[in-house]
Amino acid sequence: MRQCFHRPDASWFPEIFYALISPRAPTTSWVSYDRFPSFTGFLVLRSYSAVPPPCASHCNSMDVKGLKEYLSWLYYQYLLVTCSYVLEPWEQSIFNTLLFTMVTMVVYTAYVFIPIHTRLALEFFSGLFGGQHESTAAFMS
Amino acid sequence: MTESSVKKLSNGDRCYSTNGVKPGKNGCVKNHYLYKKQHCYPEEKIYHVEHNGGLYKRPFNEVFEETPMLVAVLTYMGYGILTIFGYLRDFLRKWKIEKCQNATEREEQKDFVPLYQDFENFYTRNLYMRIRDSWNRPICSVPGAKFDVMDRVSYDYNWTFKYTGKVVKDVINMGSYNYLGFAENHGLCVDAAADVTMKYGVGVSSTRREMGNLGKHEELEKLVARFLGVEAAMAFGMGFATNSMNIPALVGKGCLILSDELNHASLVLGARLSGATIRVFKHNNMQSLEKLLKDAIVHGQPRTHRPWKKILILVEGIYSMEGSIIRLPEVIALKKKYKAFLYLDEAHSIGALGPSGKGVVEYFGLDPKDVDIMMGTFTKSFGAAGGYIGGKKELIDYLFTHSHSAVYATSMSPPVVEQIITSMKCIMGEDGTTLGQDRIKQLAENTRYFRRKLQEMGFIIYGNSDSPVVPLMLYMPAKIGAFGREMLKRNIGVVVVGFPATPIIESRARFCLSAAHTKEMLDTALRMISEVGDLLQLKYSRHSLVPLLD
């Protein structure tokens, strides 16, 4: 990224969590398709901050804004790639919920089972090579 | 033939052989006693000649970059998600949980073969409807280089539209087939058409064979024949009808049609209506065509093995969805070798290619008499409507009596005829100005500039580098709708195309360049396209071009 932004703190996390569950769409009508913040603003930000500004006191607010723009652009990319962009809001909610559930289950399974499997695999292979070493040593002597 | 070769050498021109003999290393023909190596200037080495024996006088750059694997996988995944949601919505509609707003059969027709349940209608209901606002946009001005679009909104996700009353003005037009800029409402052509309307009226109220044959029609046909360099020509009121009604008059049962994979619907319809056997060769692939021709000559008709009565090759000059140009020298060489007939549909290439706008035959420097049937339309480069067929006098006389379109269709309207006559004379330079030549040059420059810039930016562009039709690949279905909308927000009107006009993962945006576009308009358009390309991540190309200094 062209801007210098600090490591994100946890204050943005609930916002992203909310964004994943329900898309930010106007609930009244399909009046304009500009449901997302103006991305031209984001690109202008990118162009004039080709040289990273010195991180003064104002840098914090601009970085958070730039970060928010970047994240909403990432969310836009996610919508385009998974074709949620063309779905109606209730369909998007269903899709996001299903996807989030599956991702949570994958992460949980990884968290629970990978250490155990890794430990067992290491024991198996070390037992294999260790046993081989002992048998060759016995053969030699 | 030897004298002409020597003359060409002394002019410092490229050395190529005119008799198809394979040339040697530096482009000179071996074993030809008048060629001496020192006459071939080394900097004029032709690198493309070895492939086809000297048929091409200029480089033929056509590239179709392969779809990146990740993009293809994601596109299929996107279509999969949409299919699942499509089934869900169909289920809700069937069980009346949701109101059904599209066309369905009535209760009495339920026992017949369904009209609305195959995949294309599934696709129409569940994808096309969601992004339908990018198509059929009503415009309210002449579709020149800039036009006005009526603003509309939809409150029920594109099932119905309402007009807000506002008009979006001065939208740059990158979608109209306006190659030479004759779609205008001021100027010489318009004044001439207005005068003719005052004299002849607008309706003709008859067919050509009854009372509808005006002097203007005869004048038009003579002019078209002179423009193309053929013996005679005939004009029809509708380009689609020219193809679909005249191919059945030319071929019938017992004939063979060899048609390109990506031919237009009118050619396909005409071929099917004729009743002849149709075989399809791969797009622009001369090896495939030659194999089919050889099989046809060797084996003859399917069961009886009798020779085919006629073999007709159907090709187009420029293919509008790919932007590719037909390899005409090779097709003509094959046609002569195997004694087949050639039907060339120059709908997009007439007026747009060639140093004086006479189409793809002139672009390659070939003889118009080699093409048996030259067909084209007046819609694209001449700013009018209708189609023509040009060829030998016997052919045209035959078509005049046997073609459905000539016998039954109403003849062309006089102001349209006058528009064609004036614009054709302008292109040929016979109206006394250099306007036609300027426009042709402007179109060629615009084409080169636009294509080059888009490729430098990193988009995947299909087609020949000389064709004014520029398809830009989008691939993912959500990006089709997003591209159309974002470009309109930035005041540029584009045409986006998806299935079924293209293969399902290869959806694209198609730009049609025009001589009416100035460099500033093209620069604005390019800037906006680059912006939207960054926003939607469309710059898929893995080739990198060194930017030229111009």
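The values are calculated or read from the model by the stated rules, or taken from the named source; none is laboratory data. All figures in this text were calculated on a predicted structure; none of them were measured in a lab. All Cβ positions, even for glycine, are placed from backbone atoms using ideal geometry, and neighbour counts span all protein chains on display. Heavy atoms of the whole protein, side chains included, go into the accessibility calculation; ligands, DNA and RNA do not. Shrake-Rupley method; radii C 1.70, N 1.55, O 1.52, S 1.80 Å.
Some notes on this structure:
- Accessible surface of segment B:167-288, 1.4 Å probe, proportion on carbon and sulfur as whole %: 56
- Relative to the Cα centre, the charge distribution of segment B:408-550, modelled as +1 at Lys and Arg Cβ and -1 at Asp and Glu Cβ, gives a dipole magnitude of about 480 debye.
- Burial annotation for segment B:71-114: residues with an accessible-area loss of at least 10 Å² between the isolated chain and the complete set of protein chains, computed on heavy atoms with a 1.4 Å probe, are B:Leu74, B:Met77, B:Gly78, B:Ile81, B:Leu82, B:Phe85, B:Leu88, B:Arg89, B:Leu92.
- For segment B:332-403, a Kirkwood hydrodynamic radius built from all Cα pairs, placed in the Stokes-Einstein relation at 20 °C and 1.002 mPa s, yields a translational diffusion coefficient of 164 µm²/s.
- Solvent-accessible area assigned to carbon and sulfur over segment B:403-534 amounts to 55 percent, based on a 1.4 Å probe.
- Phi-based couplings in Hz for segment B:195-204 (Karplus 6.51, -1.76, 1.60; Gly and Pro marked x): 4, 5, 4, 5, 7, 9, x, 10, x, 9
- Crossing angle, helix B:328-338 versus chain B [Cα axis fit, 0-90 degrees, rounded to tens]: 70
- Among the trypsin sites (Lys or Arg not before Pro) in segment B:66-163, those placed in a DSSP loop whose Cβ has at most 11 other Cβ atoms within 10 Å are B:Lys96, B:Lys99, B:Arg106, B:Lys110.
- Hydrodynamic radius (Kirkwood) for segment B:455-550, which is based on Cα pairs only, to one decimal in Å: 14.0
- Options B:Pro307, B:Gly354, B:Ile332, ranked by Cα towards positive dipole end of segment B:285-372, top entry (Cβ charges): B:Pro307
- Residues in segment B:472-501 that, when all protein chains are in place, have 40 Å² or more less accessible area than the chain alone would give (probe 1.4 Å): B:Ala478, B:Arg485, B:Lys489
- Complex-versus-alone comparison for segment B:517-541, residues with a loss of 50 Å² or more in accessible area, probe 1.4 Å: B:Leu535
- Cα-centre dipole for chain B with unit charges at Cβ (Lys and Arg positive, Asp and Glu negative), debye to 20: 1140
- Beta bridges assigned by DSSP with both partners in chain B are antiparallel in approximately 60 percent of cases.
- Heavy-atom accessible surface of chain B, averaged per residue, reaches 47 Å², computed with a 1.4 Å probe.
- Axis angle, to the nearest 10 degrees, between helix B:393-402 and the longest C-alpha principal axis of chain B: 30 degrees.
- Loop chymotrypsin sites (Phe, Trp or Tyr not before Pro), segment B:57-131, which have at most 12 other Cβ atoms in a 10 Å radius of their Cβ (DSSP): B:Trp95, B:Phe112
- In whole percents, the pair-distance distribution calculated for chain B from its alpha-carbon pairs, binned every 20 Å from zero, is 18, 50, 29, 2, 0.
- Since only B:Gly317, B:Gly252, B:Ser266 are under comparison, the one whose Cα sits farthest along the positive direction of the charge dipole of segment B:208-357, derived from C-beta charges on Lys, Arg, Asp and Glu, is B:Gly252.
- Computed from point charges on the beta carbon alone (+1 for Lys and Arg, -1 for Asp and Glu), the dipole magnitude for segment B:286-347 about its Cα centre is near 580 Debye.
- Reduced Cα scattering model of segment B:174-279, Debye log10 I(q)/I(0), q = 0.09, 0.13, 0.16 Å⁻¹: -0.37, -0.74, -1.02
- Summed over both chains, the accessible area lost when A and B associate is about 2600 Å², using a 1.4 Å probe.
- Taking the inverse of the mean reciprocal distance over all distinct Cα pairs, the Kirkwood hydrodynamic radius of segment B:178-235 comes to 13.4 Å.
- Net charge, B:Tyr343 excluded, C-beta distance under 14 Å - Lys, Arg +1, Asp, Glu -1: -3
- A quarter of the convex hull surface defined by the alpha-carbon atoms of segment B:78-161 gives 8.1 nm² as the mean projection.
- Long pairs among B:Lys294/B:Lys380; B:Lys169/B:Lys380; A:Lys68/B:Lys453; B:Lys309/B:Lys369; B:Lys309/B:Lys392; B:Lys253/B:Lys335, criterion Cα-Cα beyond 27 Å: B:Lys294/B:Lys380; A:Lys68/B:Lys453
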